[in-house]
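The structure under discussion appears below in the form of structure tokens.
Bear in mind these aren't lab numbers, they're just calculated from the coordinates by the rules spelled out. Model, not experiment: these values are computed from the prediction. Heads up, the Cβs are rebuilt from the backbone with ideal geometry, glycines too, and the neighbour counts pull from every protein chain shown.
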Amino acid sequence: MVKIKINDKELQATEGMTVFQAAQEADIPIPHFCYHPAFIPEGTCRMCLVEIEGMPKLELACSTQVREGMKISTHSDRVKEARRGVLEFLLAEHPLDCPICDQAGECKLQDYYEEYGLYENRFVETKDKHEKKIGLGKTLIHDQERCVLCRRCVRFLREITKTGEMGVFERGGHTEVNIYLGRTIDHNYSGNLAQICPVGAITDRDFRFKTRSWFLEEGKSVCQLCSRGCAISVDSHRGFSRFELPQRVYRIRARHNPHVNGDWICDIGRYGYAYLDADRCRAIKPPSGQEFGWDESIVWLKDKIRRLKDRDQTERIGVVLNSGLTNEELFLAKKIFRDDLGAGQVFFSDPPSGEGDDLLLTAERSPNRRGAEEIGWDIKPVDLEALSRNAGLLIIFGPYFESSHDRSGISSCLEAIETKVLLTPTSGVLDEMMDMVLPTVYWAEKAGSSTNIDGIVQSFQPALPPLGEGRAEWRLLSDLGRELDLNYRYYQSFSSPENIFRAMTGEIPFFEKNGE
Amino acid sequence: MNDDKVLSRFFHQEGAHTLSAYLKHEGYQGAEKALKEMTREDILGQVKAANLRGRGGAGFPAGVKWGFVPQEGDKPKYLCVNADEGEPGTFKDRYIMTFAPHLLLEGIVITCFCVGIHTAYIYIRGEYEHVARRLEDAIAEARAHGYLGENIFESGFGLEVHVHRGAGAYICGEETALLESLEGKRGNPRLKPPFPASIGLFQCPTVINNVETIANIPHIIHQGADWFCGLGLPKDGGTRLFGVSGKVKKPGVYELPVGTNLKELIFTHAGGMLEGRTLKAVIPGGMSAPILTADEIDIAMDCDALVEAGSMLGSGAVIVLDDEASMLEVLRIVTDFYSHESCGQCTPCRVGNPWIRKMVHRMAQGKGRPDDVENIGRLASNILGKTLCPLGDAAAMPILSITKKFKEELEASLAG
């Protein structure tokens, strides 16, 4: 550790750390464009210049390492003057088309101009014209007039994906970032370029002109589309009072998690958010002739289970789970169906696996398989014949059962079962064959925790409110456990996923070791 | 005057560039002495004691630079001779390479022996095609006679020298951009630190010196540091090849002791102003050096004296402007050049120079505005000291000095 002073504040900094990092740790913001923690500093934007006592010139915060006794000023008049100068240069040839720019509202140029700007335009020359709509591939559009040449995009493609589709062309004032002849950026990580662009130079075709950033609310969650479990932000629109919007979610962005995904997510996770709004199951579909809320539904289900339990026929209970459930839900399901009831048949019905890559995406497309295993589930795929044999009650979690087998097989299986209940976030073909359908929610709408492929446990809070009557499965399971009255006290304490997780850490060493 | 000449003393002779001619002028004797009789420490000591300051522009002491190269470690080390000679007004290195290529090669041999280098590159500006060919010939000749290659002077020391031609970018004369270019990349300057002495060419320790700097080495070794200091100034030893251009009677390269008076250089050596012309201003060290007015030229041409006068000795290229020179036109040439040659990676230089250029061109069209001159100065100040490499300063310094010293003339051009 070394002792340094930033703006007269005494600080301890780790040796080898840059001034920028030390300032960041002390919550002292230093404006920057080209610096990004994932890349080697290039020091080209010149925005992060700070004053260091004893140095004749202003020095780069992004690349200068701290030394014992270093005294740094990040907001002296000289520093502010330099920032104003750099901003004036960056804005001189800038098209100032913020009213039609998707980056507006979250643009570093705007933010810094607010803070350090000149508020007077001295540039009276004719602005240079550049290309405003270069297609970089399926997902991205490049506007060279807005580009501040930070080269984050070029470095991402060179250092992270190692695909190198983009480069710097020409020289001096004609310098431009562009895509190499004949190349397109169509790999699974393209969307990150729009996210790391500090200005509106690379925009997302998926997001362009759809909404404005200031209407969006950021919710933090974990991606559930593969078993990597990348940290994400779900940006949603609360809507307007006079008309309904076609969607709530307008984009997904990567959220920093050094242990899982760093600063990136894949395009499957980024652009695959339509499921959060499409074909959702919003209302309880009660047994015919009934009008049920959640309480009645749970009591009804409890009665069905109790009837079998009282006759010692719990082996006639079948359950189809999925490893898209959270740790807490899988834990409660195990407590109730396996430990308390000894259900006859428990299967898992998961989304089919796909192809993984060597960056983030895993072949396993079910997000919490590792969690299910650690909790002690034997993940068996659905055996229709076993499921239908002498079955009295079938409880299906999730939407994947309907695609696990062919329709006729599923139909004849279900016909053989007396009572069938489906808990699902989406409407599907099975709904009509069920006695009761209960609307559940996706990860983005629930709290809980997940265990990724590497055994990393992450907890998350709802990023979105549930749709309609939708409710998280952990709540249904905790209510059901209590209503069954087999171990009332135990389930009574499970009023939140945090409480459930606490019980898990006491019972399963893995979660005690890896709990947050 | 001829007695003072060191580097250029046989430039004028027929076939001066050949090995046989060079051998008649103590050729390769410095290298022989160095390799046979001296240790690396001895050589470094001599070069340090000679106070040989870099002839490329920055004037950094060569011996100190060599001393920065770490001697431990198993990475190869490299020498890059900067023969890019891009600074406008500069044409001295071309003379050395054209008329005394073996002098450069001998300097390279001694330098490499001293620092422990076995591969040297001469990065030569692309336009110097004939000079590059002459260097190639000289290398082949030296190699054939055992002055390059393996086991030079039976010392066990081996060295290969390669000529690499640039592709016409001023920025590749900046030492780290030169390294990038030599590695086959876009010639963008690197962020320093790390300095090339520790991480340079191909990530290995590297010495980068100007042609003229290296060409002084054989003489320092052959005749000693004291002799060398005696030629120039104690803190700034030897002679300099001053390239005089502009409205003088005898433009050309003049080898004179460091510290020669600028006025003497122009009016005695270069024959004074052309008939009927009077001196208006002098750019004393290549275009990036701040301009001196006619009143300021009674000054010693050494690194420190010129810095004190607010300018710099740079590459020793003296550009003489006469009374007919329009300062707006000078400014136009300066800004045209730097806008064109900015590598474009860092903001102040990339945007600032073309912006100033646009203003100057507008002024030249008679569309100047009252605050233009002041704004040009303000923009140049925002470039000065804020860029990644010295090109920003190289552009800002002349612009600032011209707008300050010739403010009235420039503002007069705004009227009407």
Here the Cα Rg-to-2.2 N^0.38 Å ratio for the stretch B:31-189 is 1.02
Could you order peptides A:171-184, A:82-95 by the average number of other Cβ atoms within 10 Å of their residues, highest first? A:82-95, A:171-184
Rounded to the nearest 0.05, what FRET efficiency is calculated for A:GLU355 and A:ARG306 with R0 set to 45 Å and r the Cβ-Cβ distance? 0.50
Output ordering of B:233-239, A:491-497 (per-residue mean of other Cβ within 10 Å, highest first) is B:233-239, A:491-497
DSSP-defined antiparallel bridges as percent of all bridges, the stretch B:239-320, nearest 5: 75
At A:THR14 and A:ARG489, where each label point lies 7 Å from the Cα along Cα→Cβ, what is the point-to-point distance in nanometres? 4.6
Packing-based order for B:7-20, A:416-429, A:235-248, using average beta carbon neighbours within 10 Å, highest first: A:416-429, B:7-20, A:235-248
Please report the antiparallel percentage of DSSP beta bridges with both residues in the protein assembly as shown, rounded to the nearest 5. 60
Per q in 0.08, 0.09 Å⁻¹, report the Debye log10 I(q)/I(0) for the protein assembly as shown, using one uniform scatterer on each alpha carbon and no solvent. -0.85, -0.97
Chain A - percent relative contact order, Cα under 8 Å, separation 6 or more: 11
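Other chains near B:333-345: what is the mean number of their Cβ atoms within 10 Å of each residue's Cβ?
On the way: counts 0, 0, 0, 0, 0, 1, 4, 4, 2, 5, 5, 11, 10.
Whole-number average of other-chain Cβ neighbours for B:333-345 is 3.
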Sum of side-chain charges, B:LEU23 neighbourhood, beta-carbon under 12 Å (Lys, Arg +1; Asp, Glu -1): -3
Here FRET efficiency (C-beta to C-beta, A:TYR275 to B:PHE68, R₀ 60 Å, nearest 0.05) is 0.50
Could you let me know the centre-to-centre spacing of the stretch A:428-495 and the stretch A:79-142, using Cα atoms, in angstrom? 46
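Taking 8 Å as the Cα distance limit and 6 or more residues as the minimum spacing, I'd like the relative contact order of chain B as a percentage. All intermediate terms of the calculation are to be shown ahead of the outcome.
Values: 844 pairs, mean separation 68.5, N = 416.
Dividing the mean separation by the residue count of chain B yields 16 percent.
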Which of rounded, prolate or oblate describes chain B when judged by the alpha-carbon gyration tensor and an a/c cut-off of 1.5? prolate
Which pairs, out of A:LYS108/B:LYS358; B:LYS263/B:LYS405; A:LYS132/B:LYS367; B:LYS36/B:LYS65; A:LYS3/A:LYS80, put more than 22 Å between their alpha-carbon atoms? A:LYS108/B:LYS358; A:LYS132/B:LYS367; B:LYS36/B:LYS65; A:LYS3/A:LYS80
Compute the distance in nm between two label points, each set 7 Å from the Cα along the Cα-to-Cβ direction, one at A:CYS98 and one at A:GLU81. 2.6
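Only Cα pairs under 8 Å and at least 6 apart count here; give the relative contact order of the stretch B:239-320 as a rounded whole percent.
Working: 170 pairs, mean separation 28.2, N = 82.
Reported as a whole number, the value is 34 percent.
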For the pair A:LEU245 and B:GLU14, how long in nm is the line joining their label points, each one 7 Å along Cα→Cβ? 8.9
In which sequence would A:TRP264, A:TRP443 go, from the one with the fewest C-beta neighbours within 10 Å to the one with the most? A:TRP264, A:TRP443
Using a Förster distance of 25 angstrom, determine the FRET efficiency expected from the C-beta separation of A:ASP339 and A:GLU469, and round it to 0.05. 0.30
Give the distance, in whole Å, between the Cα centre of the stretch B:210-237 and the Cα centre of the stretch A:23-76. 41
11 Å reach of a label modelled at B:HIS162, 7 Å along Cα-to-Cβ, counting backbone N of the stretch B:198-225: B:202
Would you grab the residues whose amide H sits under 5 Å from the one on B:ALA197? Only those 5+ places off in sequence or on another chain, please, with H modelled 1.01 Å from N. B:THR206
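Could you please report the charge total around B:ASP322, scoring K, R as +1 and D, E as -1 over all other residues with beta-carbon less than 12 angstrom from its beta-carbon?
On the way: positive: B:LYS247, B:LYS249, B:ARG277, B:LYS280; negative: B:GLU275, B:ASP323, B:GLU324.
Net charge in that neighbourhood comes out at +1.
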For the stretch B:1-76 and the stretch B:265-308, distance of Cα centres in Å: 29
How large is ³J(HN,Hα), in whole Hz, for each residue of the stretch A:148-164 in order, when computed from phi with the Karplus curve 6.51 cos²θ - 1.76 cosθ + 1.60 and θ = phi - 60°, using x for Gly and Pro? 9, 6, 6, 6, 4, 5, 4, 6, 4, 6, 8, 8, 9, 7, 6, 9, x
For the stretch A:219-232, in residue order, the Karplus 3J(HN,Hα) values (coefficients 6.51, -1.76, 1.60; θ = phi - 60°; whole Hz; Gly and Pro = x) are x, 8, 8, 10, 5, 10, 8, 8, 8, 6, x, 5, 6, 10
Around B:GLY385 (Cβ within 10 Å, Cβ-to-Cβ, excluding B:GLY385; K/R +1, D/E -1) the net charge comes to +1
Packing-based exposure ordering (other Cβ within 10 Å, fewest first) of A:ASP186, A:ASP295: A:ASP295, A:ASP186
Report, in deg cm²/dmol and to the nearest 500, the calculated mean residue ellipticity at 222 nm for chain A, where each DSSP H run with n ≥ 4 adds -39500 (n - 2.57) and the sum is divided by the residue count. -6500 deg cm²/dmol
Apply the Debye scattering formula to the stretch A:400-516, with a single equal point scatterer on each alpha-carbon and no solvent, then give log10 I(q)/I(0) at q = 0.11, 0.14, 0.16, 0.22 Å⁻¹. -0.51, -0.79, -0.96, -1.20
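Other chains near A:164-173: what is the mean number of their Cβ atoms within 10 Å of each residue's Cβ? Spell out each step's value before the answer.
On the way: counts 0, 0, 0, 1, 5, 2, 1, 14, 14, 13.
Across A:164-173, the average partner-chain Cβ count within 10 Å equals 5.
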